[in-house]
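Scroll down for the structure; my scribbles are underneath it.
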Amino acid sequence: MSTTTALAAAPRAETRQRWHFIDSLRGFAVLGILLVNAIDIISPGRDRMLAGGAIVPDPVMDALYLTVQTRFVPIFCFLFGMSLWIVLDGARARTPRPGLVLVRRLLGLAAIGGLLMFVYDGNVLVDYAVFGLLMLPVVRFAPRWVTLGAGVALTGLAYVGLGGGLFATPGLILLGAGAAAYGLPRVLETSRKTVAIAFTVAAVLTVPALIWQVTTAPGDPRFSNAGGIAGLVMAGLYVTGLALLWHTPARRAIAAVFEPLGRMALTNYVGAAIVMALVAQLWDFGQMTSVTPVVVISLVVIAVQSVLSRLWLKHFVYGPVEWLWRSVTWLRPAAFRRLS
């Protein structure tokens, strides 16, 4: 079969409207997730603590507890649910068995996550795949109001009862899918007034949420209800704040930095984990008393990934891991090189 014929037979690149803000938001989430994962992978100061070293105050880590930890995971999971519905909606128009397409997609994600376990056993890809499969019947067959309502209920129960964490994943997946079904991508991209109202509400709620976290559960917010709920509130603040900036001249800068990252989010997530694992082997972080070097390395990695993603997407339709994932989803090679 000729190359031209092969490309014609392959699943076409997505022709439905692409929401550029959602891509940028996904790239922003990749940045936040890397700041969380890099510290887990590298574990700065671990050897010193295991040897009985005294706790050394670290203002940078304290800042991350208030701005990053538990803030970006809900965004990442919510976007995963949103993409689940978007892919399903597209598959409905192309095949009589759209659910099977999503099953293959989620199994493919589980395989990618399973391989990544050899490098970073804390990656969320297998968890997302498993919970995605469990929630798929709801997303596939239930009315959108049921999907959204179940997402709100399950998310609320997870955060109020358990402070979020892994238990919030099913609810956030349904919440994202339900929100996508009701057109949230369009609202975020085009409705400045609605976004401004949502941002104002989130900003007002953030103040008492942070006070609650600081006064009742200082330290790592992943282990307290106050920290988890404050993270969820601030996740809303970040999403609506970035969406509000999208409606200003800052849009160009946001798109330039984050949209390429978001369009290759899976490649960048996997690639960053591998890079951080290599960095942990090349330098001794075990005796460090601050996470500052890890933060700096993370920002450098993200900057490089943003540039490389932009260059890659000039010549190719998908990132390399995304291409593999899409090919598994449709059981045939996806389009790869751009034709023009």
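Any read-out appearing in this document is the output of simple, stated calculations on the displayed coordinates, not a laboratory observation. What you are looking at is a predicted structure, and each value in this text was computed from that prediction instead of being measured. Every residue, glycine among them, receives a Cβ derived from its backbone with ideal geometry; neighbour counts consider all protein chains shown.
Between the Cα long axis of helix 20-42 and the first principal axis of the chain there is an angle of about 40°, rounded to the nearest 10. Computed about its Cα centre, the charge dipole of the chain is approximately 1600 debye, with only Lys, Arg, Asp and Glu carrying charge at their Cβ. So, in nm, how far is label residue 130 from label residue 311 when the simple model puts each one 7 Å beyond its Cα toward the Cβ? Taking the simple label geometry, residue 130 and residue 311 are separated by 3.9 nm.
Placing a label point 7 Å from the Cα of residue 194 along the Cα-to-Cβ direction, no residue of the range 125-149 has a backbone N closer than 13 Å. Coupling constants for the range 61-71 follow from the phi torsions by the Karplus curve (6.51 cos²θ - 1.76 cosθ + 1.60, θ = phi - 60°), and in residue order they are 5, 4, 5, 5, 4, 9, 10, 10, 4, 6, 8 Hz; glycine and proline get x. Computed extension gain for residue 121 through residue 95, at 0.36 nm per residue and net of the alpha carbon distance, reaches 5.8 nm.
Computed on the chain, with alpha-carbon pairs under 8 angstrom and 6+ residues apart, the relative contact order is 33 percent. In degrees from 0 to 90, rounded to the nearest 10, what is the angle of the helix 265-282 Cα long axis to the longest principal axis of the chain? The helix 265-282 is inclined about 40 degrees to the chain. Dipole of the range 23-330 computed with +1 at Lys/Arg Cβ and -1 at Asp/Glu Cβ about the Cα centre; of 195, 42, 265, farthest Cα towards the positive end is 195. To the nearest ten degrees, helix 169-181 and the longest principal axis of the Cα atoms of the chain are 50 degrees apart. Projecting the Cα atoms of 301, 128, 209 onto the dipole axis of the chain, where Lys and Arg carry +1 and Asp and Glu carry -1 at the beta carbon, places 128 farthest toward the positive end. Along the range 84-96 the Karplus relation, 6.51 cos²θ - 1.76 cosθ + 1.60 evaluated at θ = phi - 60°, assigns HN-Hα couplings of 4, 5, 4, 5, 4, 4, x, 5, 4, 7, 10, 8, x Hz to successive residues, with x for each Gly and Pro. Amide H contacts of residue 316: 338, each under 5 Å away and 5 or more positions distant or on a separate chain (H built 1.01 Å from N in the peptide plane; Pro and chain starts excluded).
Can you compute the FRET efficiency between residue 252 and residue 337 using 1/(1 + (r/R0)^6), with r the Cβ-Cβ distance and R0 = 25 Å? Round to the nearest 0.05. Numbers along the way, then the final one.
Numbers: r = 27 Å, r/R0 = 1.09.
Efficiency, from the Cβ-Cβ distance: 0.40.
Assuming R0 = 30 Å, can you tell me the calculated FRET efficiency for the pair residue 206 and residue 281, based on Cβ-Cβ distance, to the nearest 0.05?
On the way: r = 39 Å, r/R0 = 1.28.
The formula returns an efficiency of 0.20 here.
For the range 32-99 versus the range 180-247, the inter-centroid distance based on Cα atoms is 16 Å.
Scan the range 231-340 for trypsin sites (Lys or Arg not before Pro) in coil per DSSP, keeping those whose Cβ has at most 16 other Cβ atoms within 10 Å, and list them by number. Spell out each step's value before the answer.
Values: sites: 251, 252, 263, 310, 314, 326, 337, 338; in loops: 338.
For trypsin sites (Lys or Arg not before Pro) across the range 231-340 that sit outside H, G, I, E and B with at most 16 neighbouring Cβ atoms in 10 Å, the list reads 338.
Each peptide in 88-94, 237-243 was scored by the mean count of other Cβ atoms within 10 Å over its residues; highest first, the order is 237-243, 88-94.
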